[in-house]
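Bear in mind that the values in this text are calculations on the coordinates, not laboratory data. Just so we're clear, the structure is a prediction, and the values are computed from it rather than from any experiment. Using ideal geometry, Cβ is built from the backbone for each residue, glycine included, and neighbour counts are taken over all protein chains shown.
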Amino acid sequence: MSTTPSASSNVYAATELPELGFRNYWYPVLAAWRLRQRPKAVKLLGEEVVLYRDGGKIYALKDQCAHRGARLSRGKCLYPGSGTLSCPYHGWTYSGETGQVVAKLMEGPDAILPAEARVTTYPVQEHNGVLWVFVGDMNAAPLEEDLPECLAKPDEWHTIGTWRTYRCNWRVLNDNLCYDLHAPFVHRNSPELFFQPVFPFASHVTTTKLENANGLGYVAKDGVTEASYPGLGLFPPPRETFFRRLRPMGRGQEMDREKAQAVKRYGIKYRHMSCLPAVTLVGRPTGEYFMVRWVTPIDAETTLFYSINAFRRRGWLATQLDRIGWAFWMSWSHDWIFSDQDKNIVEGVRSNAEQLSPTDLGVAAWRKFAVENARRSPTEAPTEDDRPAPVCADDAGIGSAAE
Amino acid sequence: MSTTPSASSNVYAATELPELGFRNYWYPVLAAWRLRQRPKAVKLLGEEVVLYRDGGKIYALKDQCAHRGARLSRGKCLYPGSGTLSCPYHGWTYSGETGQVVAKLMEGPDAILPAEARVTTYPVQEHNGVLWVFVGDMNAAPLEEDLPECLAKPDEWHTIGTWRTYRCNWRVLNDNLCYDLHAPFVHRNSPELFFQPVFPFASHVTTTKLENANGLGYVAKDGVTEASYPGLGLFPPPRETFFRRLRPMGRGQEMDREKAQAVKRYGIKYRHMSCLPAVTLVGRPTGEYFMVRWVTPIDAETTLFYSINAFRRRGWLATQLDRIGWAFWMSWSHDWIFSDQDKNIVEGVRSNAEQLSPTDLGVAAWRKFAVENARRSPTEAPTEDDRPAPVCADDAGIGSAAE
Amino acid sequence: MSTTPSASSNVYAATELPELGFRNYWYPVLAAWRLRQRPKAVKLLGEEVVLYRDGGKIYALKDQCAHRGARLSRGKCLYPGSGTLSCPYHGWTYSGETGQVVAKLMEGPDAILPAEARVTTYPVQEHNGVLWVFVGDMNAAPLEEDLPECLAKPDEWHTIGTWRTYRCNWRVLNDNLCYDLHAPFVHRNSPELFFQPVFPFASHVTTTKLENANGLGYVAKDGVTEASYPGLGLFPPPRETFFRRLRPMGRGQEMDREKAQAVKRYGIKYRHMSCLPAVTLVGRPTGEYFMVRWVTPIDAETTLFYSINAFRRRGWLATQLDRIGWAFWMSWSHDWIFSDQDKNIVEGVRSNAEQLSPTDLGVAAWRKFAVENARRSPTEAPTEDDRPAPVCADDAGIGSAAE
């Protein structure tokens, strides 16, 4: 199956990104409250990992005993407080800190514990009510380095996370999040936007590197909310517009890049950003809310979609109202209905062939940015491919209407 | 896995026929009433196709958007009457006639619509209450050319169709239909034949090319309905014969090739015929009924068995009686029970090895006829293999009792 | 995936044993009462076999008709008493003795029955209420040769068999049975042993060839039932020991190799033995009970675990008590709970890497014994590998605490 980047060798095909995700990043894997007394098996980037808590700490080890290959996730913390996990089969007992075997219970205290009797450890952290695991070959970056500010500063933001498993490769789901103008089409009748005009489309999208060099910000200009197509008629069709009486609000409201509170008060330059490894932020003009969509590859056909709603702390009462608003409205309208409109589509996508188009400028820009800027261990070869120009504008080589 | 045509290089092994079916033919894929407002995904010969109706016409396109690979079958006809289908993802809108993109809704009316922004179209037709799709590389033949007369002339025949999915390769199911003398054995206790003698077996089968050169007619002579096997006893065993008091009738009645009404009045020469691409006709001595069994390959392991009962129109009342007879008797006794006796067997068949035998003269003849006569696009190489003699008689090289 | 025998080339990796099991042995496949009037399909060592009873005998044939590949297991014994099975498709009728076609029912009594019209036969026997099938290329050994005495002599022993299907390769399950000291760990809280001390661990295991040269006997010395691990604490942890007030009994009782009745009265030298092809015996000091665990490979990922409880006949009343004891206690505590503790672990094992350790002396010894002593047909090459020393002691090269 050959993959055909449509217009220009300046564009990366979906399949040129690593199938199992970018290594050497932190990924959310499990709601913290779901890890209790018993160890838990998770899988990310194709690797099987056991998580466990002991003595107030959390540990992550490769979920395969070095001895005879049993799953450590079926074992127990036999010695609470020691930070160890014992294999269910012959009691090889691993230090969660080092991955080293510290006892082979069935061999007695005098057993030889050779250096190779160990399993891989994974850096793991609890943060924002989520367990984050670092997968890669390098030393783990500090978690905060991989987090957007709204997640990195829990004293300024409070969060509510949800998750869902998608039956598709992570790249298909992540492409969906790169401001590719599917939203005015796919979500036009979503309850959240039902009485508002559709999102603007046919916009001119540009992308700019974020100051922290970890991602891209999207800006869309000159969009319309209605257009007439020769031989077809209006989009949206009139039968879908007569009831759209509200003005844009909430999610539907664009950010005025001069006057919006987000910009003036908080210095947030973009309403929509994509960051490495596969994270999307969608904000509001108030600068007081972000929806963070973290795409965690499980294996080549399965992806964990970890969605975190981040609200700026504005006092106790506001926090309660945020939570009530989420529970009675957003959890349903957005985290469920809106997202399922995408899920239904992306789970059917086949990426063996594609023809990128001007609506995909964001996708092309993100792919290029990601491939060229992702962390790499020093042993990894540099990108074999050094594609010249940035894809942040019409020079992307994607066939465009402007010419 | 080597395949061993048993006796002679003059015989084609099952696996020498194309695994996904003969291309460049029409195949039935869906009862017409099942395609309503929403597009419908079907698969045939390994190809995924979306069917939709608009403005009184039916269209068939490859079920994968050229843009980012979403399934068109999850899209909608947003502009009724225009004959277009819009992709659910970014609204690329395809002409059902040409497969060409006529609008990219999210890019505005000025979007460039390059020639390569298109998907394959499939010829599709509604006929006899069934949707027929042509798969191949050549221009579609007229549908009538691929239909037996009883389906081609709806003013002379009325039809009732049913379908069933089989978990086997199409070749295994089609072999089952080539007058291979399994019927006297497999179906001997089927309700349709319960009180009649079993079908004749140990017959001498000959095959003759049909006048339209599209298939073979089978003639069986000298069959018996009982025989005694040394060391075993009678077939059928006596415990299965004492209640067989009726004379052959309906399906059980052979056609007298001199006197039968089918021959004299209607000029139907054969009661049992196999036609390309994988169609079987079983008639009656009256010449007023045909059971048409159309084998549509879905993929290498799955097959659609489309069964059409065709009744000659003999006035309004006769038509009503045909329909009542079908509803209360044939639908149950034949389309269900009788066919399931085969389904149970063919779904377990493994074709990696076979030893054809005189009962398989029909199978061998059909395979040879089909391989050598199937439509081929000019670009396709001719059969690499030109096996000499016809398989219409004992010269088939299949070990026979006559020598 | 490379397999790494941990310490020495003297040790065979799991994957060096044949993936589908040792051929040329008898294996239990089905409880005899489950084969009634209808033929039954079973699979062992990757081969599909149909079993049927006729005229008081049992037959086993390859479950694929030589003619067109239908499953004989969907056929019938049409001629009771003749020992034949008829294919469901065209009635090819096979002698259960020879596998030869004795009639092609649909071709009449004069059909040619060539020598190649046959299927493989498998030696099959009913014994101890179980059907045993011999798979291989050699002439079948007498069944008794492959059976331990407690199964070979039904007049001295009575038996109760149960079975379970495991989703793992047979090697993983068989390793579990080779006195590898998992039991003191995995089963320590099993109901059977709940109030007794755990089995001794950290023992010094030696293995000795059995007199009949068909397997190994295990002897463990110097085990302890409690030990203290630096930095961790006691094993078993005190919270698991305060209620262990009983003395070792039943299964928990070691065999005194000088005084035990098993030794003195019955000449049984080992309480735990492994035999070819993949059979484990665990006895009692009384010498009046054996649990026989027979591991029958089904395919590469599935294994039949056939478990036979053998009780020495000690009069009518004792037999009844044995049966009652089994029904109300052992069936639950052992054949179900105890075995499921293992099943839960072995079904998760991946054998692509392992580090054998002194607890695995039994495993290593058995692997070596099995590879070097398994029956081989004369046409099979000898083991490519002739690893020098026996693995019956510390010279196994498995890193040991004693050095």
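Averaged over peptide A:231-237, how many Cβ atoms belonging to another chain are found within 10 Å of each residue's Cβ? Walk me through the numbers on the way to the answer.
On the way: counts 8, 11, 5, 1, 10, 2, 3.
Across A:231-237, the average partner-chain Cβ count within 10 Å equals 6.
Across the range C:143-396, Cα pairs under 8 Å and at least six residues apart give a relative contact order of 28 percent. Take each residue in B:203-214, count the other chain C-beta atoms within 10 Å of its C-beta, and the mean is 0. Extending 7 Å from Cα along the Cβ direction at residue A:261 and again at residue B:43 yields two label points whose distance is 5.2 nm. A simple rule links phi to the HN-Hα coupling: the Karplus curve 6.51 cos²θ - 1.76 cosθ + 1.60 with θ = phi - 60°, which for the range A:214-220 gives 9, x, 10, x, 9, 10, 10 Hz, with x for Gly and Pro.
For the protein assembly as shown, what is the charge dipole size about the Cα centre, in debye to the nearest 20, if Lys and Arg each add +1 at the Cβ and Asp and Glu each add -1 at the Cβ? Intermediate values should be presented prior to the final figure.
Details: 138 positive and 138 negative charges, 885 e Å.
Result for the protein assembly as shown is approximately 4260 debye, rounded to the nearest 20.
Helix content alone sets the calculated 222 nm mean residue ellipticity of chain B: runs of n ≥ 4 DSSP H residues at -39500 (n - 2.57) each, divided across all residues, give -3500 deg cm²/dmol.
Can you tell me the length gained on complete extension of the stretch residue A:76 to residue A:213, counting 0.36 nm per residue apart and subtracting the Cα distance?
Between residue A:76 and residue A:213, full extension yields an extra 45.1 nm.
3J(HN,Hα) along the range C:138-155, derived from phi through the Karplus expression 6.51 cos²θ - 1.76 cosθ + 1.60 where θ = phi - 60°, amounts to 9, 5, 5, 5, x, 3, 4, 5, 8, 9, x, 3, 5, 9, 6, 10, x, 7 Hz, with x in place of Gly and Pro.
Take the alpha carbon gyration tensor of the range A:25-135, find the square roots of its eigenvalues, order them as a ≥ b ≥ c, and report rounded if a/c is under 1.5; if not, report prolate when a/b exceeds b/c, else oblate. Before the final figure, lay out each step's value.
Values: a/c = 2.06, a/b = 1.68, b/c = 1.23.
Since a/c reaches 1.5 and a/b is larger than b/c, the shape of the range A:25-135 is classed as prolate.
Can you list the lysines whose alpha carbon is less than 16 Å from that of residue C:57, not counting same-chain residues fewer than 8 positions off? Straight-line reach from residue C:57, under 16 Å: C:40, C:76.
Placing a label point 7 Å from the Cα of residue B:234 along the Cα-to-Cβ line, the residues of the range C:90-121 whose backbone N sits under 19 Å from it are C:104-110.
The modelled label-to-label distance for the pair residue A:269/residue B:156, using points 7 Å beyond Cα in the direction of Cβ, is 7.9 nm.
Each peptide among B:178-188, C:45-55, A:67-77, B:262-272 gets the average number of other Cβ atoms lying within 10 Å of its residues, and from highest to lowest they stand as B:178-188, A:67-77, C:45-55, B:262-272.
If you filter the range A:189-270 for GluC sites (Glu not before Pro), then keep DSSP loop positions with at most 12 other Cβ within 10 Å, what is left? Those that pass, being in a loop and sparsely packed, are A:211, A:258.
Proximity of backbone amide H atoms, modeled 1.01 Å from N, is registered between residue B:63 and B:48, B:49, B:50 at under 5 Å, excluding neighbours fewer than 5 places apart on the same chain.
Converting phi to 3J(HN,Hα) with the Karplus coefficients 6.51, -1.76 and 1.60 and the offset θ = phi - 60°, the range A:57-66 yields 10, 10, 10, 9, 10, 4, 8, 8, 4, 5 Hz in sequence order, with x at every glycine or proline. Rounded, prolate or oblate: which one fits the protein assembly as shown, using the alpha carbon gyration tensor with axes a ≥ b ≥ c (rounded when a/c is under 1.5, else prolate when a/b beats b/c, else oblate)? Judged from the Cα gyration tensor, the protein assembly as shown comes out oblate (a/c at least 1.5, b/c at or above a/b). Across identical copies of the chain, residue C:319 has label-point separations of 7.6, 7.6 nm, listed in ascending order, with the point defined 7 angstrom from Cα along Cα→Cβ.
Placing dummy labels 7 Å off each Cα toward the beta-carbon, the span from residue C:144 to residue C:195 is 4.4 nm. Give, as ranges by residue number, the residues of the range B:174-207 whose backbone N falls under 18 Å from the point 7 Å along Cα→Cβ of residue B:337. Answer for the range B:174-207: B:183-199. Dipole magnitude for chain C: computed about the Cα centre from +1 point charges on Lys and Arg Cβ and -1 point charges on Asp and Glu Cβ, it is near 1460 debye. With a Förster radius of 22 Å applied to the beta-carbon distance between residue A:344 and residue A:243, the computed FRET efficiency rounds to 0.40. Per residue of A:84-94, other chain Cβ atoms within 10 Å of the residue Cβ number 5 on average. For the range A:143-396, a/c is less than 1.5, where a ≥ b ≥ c are the root eigenvalues of the C-alpha gyration tensor. That puts it in the rounded class. Distances between placed amide hydrogens fall under 5 Å for residue B:136 paired with B:24, all partners being 5 or more residues away or on another chain.
Which of C:206, C:159, C:225 ends up with the largest GNM mean-square fluctuation for chain C, with Cα atoms connected below 10 Å? Of C:206, C:159, C:225, the most mobile in the Gaussian network model is C:225. Given the C-alpha centroids of the range A:146-224 and the range B:327-362, what is the distance between them in whole angstrom? Result: 55 Å between the Cα centres. The lysines within cross-link reach of residue B:259, meaning a Cα-to-Cα straight distance under 24 Å and a gap of 8 or more places when in the same chain, are B:209, B:221, B:269.
Partner aspartates and glutamates whose Cα lies under 14 Å from the Cα of residue B:104, excluding those fewer than 8 positions away in the same chain, are identified as A:180, A:226, A:360, B:116. For residue A:272, nonlocal amide neighbours, meaning residues 5 or more places apart or on other chains whose placed amide H falls under 5 Å from its own, are A:218, A:283.
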